[in-house]
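Trainee: One structure follows; several queries about it will come next.
The values are calculated or read from the model by the stated rules, or taken from the named source; none is laboratory data. Source: prediction; values computed, not measured. Don't worry about glycine lacking a Cβ; one is built from the backbone with ideal geometry, like all the others, and counts go over all protein chains shown.
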Amino acid sequence: MKEISVVAPFYNESESMDAFFKTLVPILKKAKLSFEIVCVNDGSKDDTLEKLIKFKKKHPQIKIVNFSRNFGKDAALTAGLDFAEGECVVPIDSDLQDPPELILDMIKKWKEGFDVVLAKRTDRSEDTLTKRATAGLFYKVYNMLSEPKLPENVGDFRLMDRKVVDAVKLLPERKRFMKGLFAFAGFKTAIVEYKRPERKAGASKWSYFKLFNYAIDGITSFSAFPLRISTYFGLLVTALAFARGVWILFRAIFCGIDVPGYASLIVAILFLGGVQLISLGIIGEYVGRIYVESKNRPLYIVKDVI
Ligand code: UDP
Ligand code: MG
């Protein structure tokens, strides 16, 4: 059994790989712990796999889990946790945006008795204004609606003790919002801070559209509150409609009947139509989730372990 497992997902990361291992391996050696590096090749289309195999010849501590196709980062992380054998596990991005030096600080905290050591980004000045604003909004909305709360500006980069990893592995859901699952596990937590550097090579795989969908997945994974919004709204609109009905009735009785009202009528119809569509969409989100979960498909398919 190894003392520490580093789990790194790779999706078309051939360009950044040299720098990654060159930084990571000396740091792990410096930590003076027995280690393994679980590299999950998430269906890369470039020569990531070939290069990983080449690196394994030089560093026998590397274990390669090769997916049959691209399953996404969360699936890759899940596989990494499944294959990791260490007493503690550190998931890390393979593009060097999670600085490996931090692992030494994390190990120190772990040895002090913390079960989880989070890496928290101190400033996001490298990010664009829109990215910062949308990320901030996401955490606000998420934490308002969901339990347990997510710590802000904390990604997947962290150290977890074996018992935390085993707890996360107990969560069987198909749609895996890893941050939420990690938070769900709990345990005694410490934080180390860092400044997230820019990507060294290649490009991020996230577009704003993907991020938006990810945010919806995250919230609907950990909160049923959106379903209740339509209930509240329905109650409010019903109450207003009732009051208005009473008002119209009184007016008809005491002042006679008048015809005008096209504008208010069409506004009410369009508005309610919109509300109904949104409510349907929200229900659809959850029904879709039930559908995905009920199929019970595997989270990932491993082609080979090298
Ligand atoms: N990644 C993956 N599968 C994917 C997309 C990304 O395994 O489908 C890996 C990628 O190789 C990297 C990490 O996940 O190690 C983070 O990806 P990226 O840098 O694109 O995300 P960002 O840093 O912009 O959040
Ligand atoms: Mg990145």
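Trainee: Can you run down the residue pairs with Cβ atoms below 7 Å, 6 or more apart or on separate chains, where the first is in the range 99-115 and more than 28 Å from S16 (Cα to Cα) and the partner is in a helix (DSSP H, G or I)?
Mentor: Taking only residues 6 or more apart or on different chains, the pairs are D115/K163; D115/V164.
Trainee: Does the range 219-230 contain any residue that is of a type in the set (F, W, Y), within 16 Å of ligand 1 (Cβ to nearest atom) and under 23 Å from V292 (Cα atoms)? Break it down into steps so the answer makes sense when it comes.
Mentor: Here is the first cut: in the range 219-230, the ones of a type in the set (F, W, Y) are 222, 225.
The next check asks that each one be within 16 Å of ligand 1 (Cβ to nearest atom); those that pass are none.
Checked against the condition, which is being of a type in the set (F, W, Y), within 16 Å of ligand 1 (Cβ to nearest atom) and under 23 Å from V292 (Cα atoms), the range 219-230 yields no hits at all.
Trainee: Consider S16 against the criteria (1) within 16 Å of ligand 2 (Cβ to nearest atom); (2) closer than 26 Å to W110 by Cα: it satisfies all of them except one. Which criterion is unmet?
Mentor: In the conditions (1) within 16 Å of ligand 2 (Cβ to nearest atom); (2) closer than 26 Å to W110 by Cα, S16 misses (2) alone.
Trainee: Considering each residue of the range 100-134, count those that are within 15 Å of ligand 1 (Cβ to nearest atom), surrounded by fewer than 19 Cβ atoms within 10 Å (Cβ to Cβ) and assigned to a loop (DSSP other than H, G, I, E, B), and give that number.
Mentor: Total satisfying the criteria: 4.
Trainee: If you don't mind, there's one more thing I want to ask. For the list (1) in contact with an Asp or Glu (Cβ under 8 Å, 6 or more places away or on another chain); (2) loosely packed, with under 12 Cβ neighbours inside 10 Å, I need the number of the one condition that L236 fails.
Mentor: Only one criterion is unmet by L236, namely (1).
Trainee: Under the condition of being among the acidic types (D, E) and within 13 Å of ligand 1 (Cβ to nearest atom), which residue from the range 46-77 is nearest to F177 (Cα to Cα)? Steps first, answer last, please.
Mentor: Start the filter on the range 46-77 by keeping residues that are among the acidic types (D, E), which leaves 46-47, 50, 74.
So of that shortlist, the ones also within 13 Å of ligand 1 (Cβ to nearest atom) come out as 46, 74.
Values: D46: 27, D74: 7 Å.
It comes out as D74.
Trainee: Shifting gears a bit: Of R162, R199, which residue is charged (D, E, K, R), surrounded by 13 or more Cβ atoms within 10 Å (Cβ to Cβ) and away from ligand 1 (no atom under 15 Å from the Cβ)? If you could, list the steps in order and put the result at the bottom.
Mentor: On the way: R199 fails: away from ligand 1 (no atom under 15 Å from the Cβ).
Only one candidate passes the filter, namely R162.
Trainee: Given the criteria part of a helix (DSSP H, G or I) and not polar (S, T, N, Q), does F184 qualify? Before the answer, list the steps.
Mentor: Details: part of a helix (DSSP H, G or I): yes; not polar (S, T, N, Q): yes.
Criteria met by F184.
Trainee: Inside the range 87-97, can you point out the residues that are assigned to a loop (DSSP other than H, G, I, E, B), over 10 Å from L24 (Cβ atoms) and within 15 Å of ligand 2 (Cβ to nearest atom)?
Mentor: Taking the range 87-97 first, the residues assigned to a loop (DSSP other than H, G, I, E, B) are 87, 92-97.
This time we only want the ones that are over 10 Å from L24 (Cβ atoms), so: 87, 93, 95, 97.
Within the range 87-97, D93, D95, Q97 meet the criteria.
Trainee: Hey, another quick one. Report yes if I191 is of a type in the set (A, V, I, L, M, F, W, C), out of contact with any helix residue (DSSP H, G or I) (no Cβ under 8 Å at 6 or more places or on another chain), outside any helix (DSSP H, G or I) and more than 16 Å from ligand 1 (Cβ to nearest atom), otherwise no.
Mentor: Values: of a type in the set (A, V, I, L, M, F, W, C): yes; out of contact with any helix residue (DSSP H, G or I) (no Cβ under 8 Å at 6 or more places or on another chain): yes; outside any helix (DSSP H, G or I): yes; more than 16 Å from ligand 1 (Cβ to nearest atom): yes.
Considered against the rule, which asks whether it is of a type in the set (A, V, I, L, M, F, W, C), out of contact with any helix residue (DSSP H, G or I) (no Cβ under 8 Å at 6 or more places or on another chain), outside any helix (DSSP H, G or I) and more than 16 Å from ligand 1 (Cβ to nearest atom), I191 comes out as yes.
Table: residues versus (1) within 26 Å of L181 (Cβ to Cβ); (2) at pLDDT 85 or above; (3) in a loop (DSSP other than H, G, I, E, B).
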site: G202; (1), (2), (3): no, no, yes
site: K205; (1), (2), (3): yes, no, yes
site: N213; (1), (2), (3): yes, yes, no
site: V246; (1), (2), (3): no, no, no
site: S264; (1), (2), (3): no, no, no
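Trainee: List every residue pair whose Cβ atoms lie under 8 Å apart, where the two residues are 6 or more positions apart in sequence or sit on different chains, the first residue falls within the range 72-93 and is within 18 Å of G155 (Cβ to Cβ) and touching a residue at least 12 places away in the same chain (Cβ under 8 Å), and the second residue, located anywhere, is part of a helix (DSSP H, G or I) and near ligand 1 (Cβ under 10 Å from one of its atoms).
Mentor: V89/G80; P91/L77; P91/G80
Trainee: Next question, about the same structure. Among what's in the range 205-215 and is without any contact (Cβ under 8 Å) to a residue 12 or more places away in the chain and exposed (fewer than 11 other Cβ atoms within 10 Å of the Cβ), pick the residue that is farthest from ligand 1 (Cβ to nearest atom).
Mentor: That would be F209.
Each row is one residue, and each column tells you yes or no for (1) farther than 21 Å from F138 by Cα; (2) not basic (K, R).
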{"residue": "A183", "(1), (2)": "no, yes"}
{"residue": "K195", "(1), (2)": "no, no"}
{"residue": "K200", "(1), (2)": "yes, no"}
{"residue": "A203", "(1), (2)": "yes, yes"}
{"residue": "A215", "(1), (2)": "no, yes"}
{"residue": "T220", "(1), (2)": "no, yes"}
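Trainee: Take the conditions within 16 Å of ligand 2 (Cβ to nearest atom), modelled with pLDDT of 90 or more and more than 18 Å from K205 (Cα to Cα) and apply them to T48. Does it pass? Explain how you work it out, then say what you get.
Mentor: Details: within 16 Å of ligand 2 (Cβ to nearest atom): yes; modelled with pLDDT of 90 or more: yes; more than 18 Å from K205 (Cα to Cα): no.
So T48 does not fit the description; no.
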